[in-house]
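Undergrad: Sharing a structure, written as C-alpha cells. Questions coming.
Where a number appears in this text, it was derived from the coordinates with a stated rule and is not lab data. Worth saying up front: this structure is predicted, and the values here are computed from it rather than measured. Glycine gets a Cβ as well: all are built from the backbone with ideal geometry, and neighbour counts include every protein chain shown.
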Amino acid sequence: MKDCSQCVVRNRAVCGGLQPDELEALGQLGRKQRVLKGQTVVWEGEDALVVANVIDGVLKLSMSTADGREQIVGILFPSDFIGRPFGQQSPYSITALTDADLCIFSRAAFDRFSRQHPELEHRLLRRTLDELDRTREWMLLLGKKTANERIATLLLELSTRMGETGCSTEQVDLDRFELPLDRQQIGDLLGLTIETVSRQLSRLKAAGVIDLPDRRMVVIQDRSRLQDLAAAA
C-alpha cells in the first residue's frame with residue numbers, strides 16, 4: 001500500500017487516527033490483496049500470521065463444531081479489521097462471501113508498529129470493545145427475538161454497513177442492496193432453518209415492508225416498519 005491517503009476506508013479503519021508520516025510508514029508494511037469469493041483468508045486454529053483491513057467486499061467469520069458443522073459467528077464489511085494482533089492463533093476461519101480487497105500486514109510487523117504508536121493501539125482497543133458490544137447485542141437477538149425480528153435486524157444491519165463508503169459526500173441508496181449471504185447462510189447466522197428464512201422474507205414482502213426482485217436483491221420499502229420489527233424485543 002504505497003499511498004494510504006487515497007484509501008477509500010482510511011477515515012473509518014483502525015489506521016485512520018495516524019498522522020500522514022505515520023500512515024506512510026504503515027503503508028510501507030502492507031500490501032493490497034484481492035480475495036475471490038469462497039477463498040479462505042485465515043483458517044480456524046492456525047497460527048495468526050497476518051492481520052488486515054477490509055477495503056472492499058464482505059467476509060464471514062465461522063467456527064466449527066466437534067462434528068464438523070459450521071457456525072457463522074460474524075460478518076466483516078469494508079473498514080473492518082481482520083486478525084488478532086498480539087495473539088498466536090485464530091479462533092475462527094475468515095472466508096470471502098464476495099470478491100474482496102484487503103490491505104494485509106504481517107502480524108509481527110503490525111504488532112511492532114502498534115507498540116510504537118499509541119493512537120493505533122487505542123483505536124484497536126476501541127474497536128475490540130465495539131465488537132464486544134455487538135456480540136452482546138447478537139446474544140439478545142438469538143436469545144429473545146423471534147424469527148421475524150431477527151430477519152428485520154439483519155436486513156437493517158446489512159443495509160447500513162453495505163451502504164457505508166469512504167467518501168462522506170457520496171450519496172448511497174441504503175434501501176437497495178444485494179445480500180452477501182444465501183438463505184442457508186442467513187439461517188446459520190441467525191439460528192434459523194432455511195425454510196424459516198425464506199418464509200419470513202416472503203412475509204415481509206407480502207406485507208410491503210421489502211421487495212425481493214431476485215434471490216439476492218433486497219429493496220426496503222418501509223424502513224420505519226422494519227425498524228419497529230427489529231426493536232420489538
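Undergrad: By counting other Cβ atoms within 10 Å of each Cβ, how are M217, M63 ranked from fewest to most? Can you show the working numbers first?
TA: Details: M217 12, M63 15.
Ordered by Cβ neighbours within 10 Å, fewest first: M217, M63.
Undergrad: Same structure again: For region 4-138, count all C-alpha to C-alpha pairs, find those more than 19 Å apart, and express that count as a whole percent of the total.
TA: Across region 4-138, Cα pairs with separations above 19 Å total 49 percent.
Undergrad: Next question. Let me know the number of lysine pairs in the chain closer than 24 Å at the Cα, not counting same-chain pairs under 8 apart.
TA: 7
Undergrad: Right, here's the next one. For region 29-102, what class follows from the C-alpha gyration tensor (a ≥ b ≥ c being the square roots of its eigenvalues): rounded when a/c is under 1.5, otherwise prolate if a/b is larger than b/c, else oblate? Spell out each step's value before the answer.
TA: Details: a/c = 2.04, a/b = 1.28, b/c = 1.60.
Oblate is the answer for region 29-102, as a/c is 1.5 or above yet b/c matches or exceeds a/b.
Undergrad: Moving on. Pairing the Cα long axis of helix 194-206 with the longest principal axis of the chain, what angle in degrees results, from 0 to 90 and rounded to the nearest 10?
TA: 70
Undergrad: Before rounding to the nearest 500, sum -39500 (n - 2.57) across all DSSP H runs of length at least 4 in the chain and divide by the residue total; then give [θ] at 222 nm in deg cm²/dmol. If you can, show how the numbers build up before the last one.
TA: Details: 7 runs with 91 residues, N = 233.
Per the formula, -12500 deg cm²/dmol.
Undergrad: Taking the simple approach of a point 7 Å from Cα along Cα-to-Cβ for both M217 and R84, what is their distance in nm?
TA: 4.2
Undergrad: Return the single residue from T153, T65, T40 with maximal mean-square fluctuation; model: Gaussian network over the chain, springs between Cα atoms under 10 Å.
TA: T65
Undergrad: Roughly how far apart, in whole Å, are the Cα centres of region 1-60 and region 123-164?
TA: Cα centroid of region 1-60 versus Cα centroid of region 123-164: 22 Å apart.
Undergrad: Pairing the Cα long axis of helix 107-116 with the longest principal axis of the chain, what angle in degrees results, from 0 to 90 and rounded to the nearest 10?
TA: 70
Undergrad: Using a 10 angstrom cutoff on alpha carbons, build the Gaussian network for the chain and name the most mobile of L158, L59, L102.
TA: Comparing L158, L59, L102 in a Gaussian network model of the chain, the most mobile one is L158.
Undergrad: Another question about this same structure. Where does the Debye-calculated log10 I(q)/I(0) of the chain sit at q = 0.11, 0.12, 0.17 Å⁻¹, using only Cα point scatterers of equal weight, no solvent?
TA: Listed by q, the Debye log ratios stand at -0.61, -0.72, -1.31.
Undergrad: How tilted is helix 118-144 with respect to the longest principal axis of the chain? Cα atoms for both, answer in degrees (0 to 90, nearest 10).
TA: Its long axis makes an angle of about 20 degrees.
Undergrad: Mind checking which of G57, G17, G143 has the largest fluctuation in a GNM of the chain, springs on alpha carbons under 10 Å?
TA: Among G57, G17, G143, the largest mean-square fluctuation in the Gaussian network model of the chain belongs to G143.
Undergrad: Pop out the ³J(HN,Hα) list for region 79-87 in order, Karplus 6.51 cos²θ - 1.76 cosθ + 1.60 with θ = phi - 60°, rounded to Hz; leave Gly and Pro as x.
TA: Coupling constants for region 79-87: 5, 6, 10, 10, x, 10, x, 6, x Hz.
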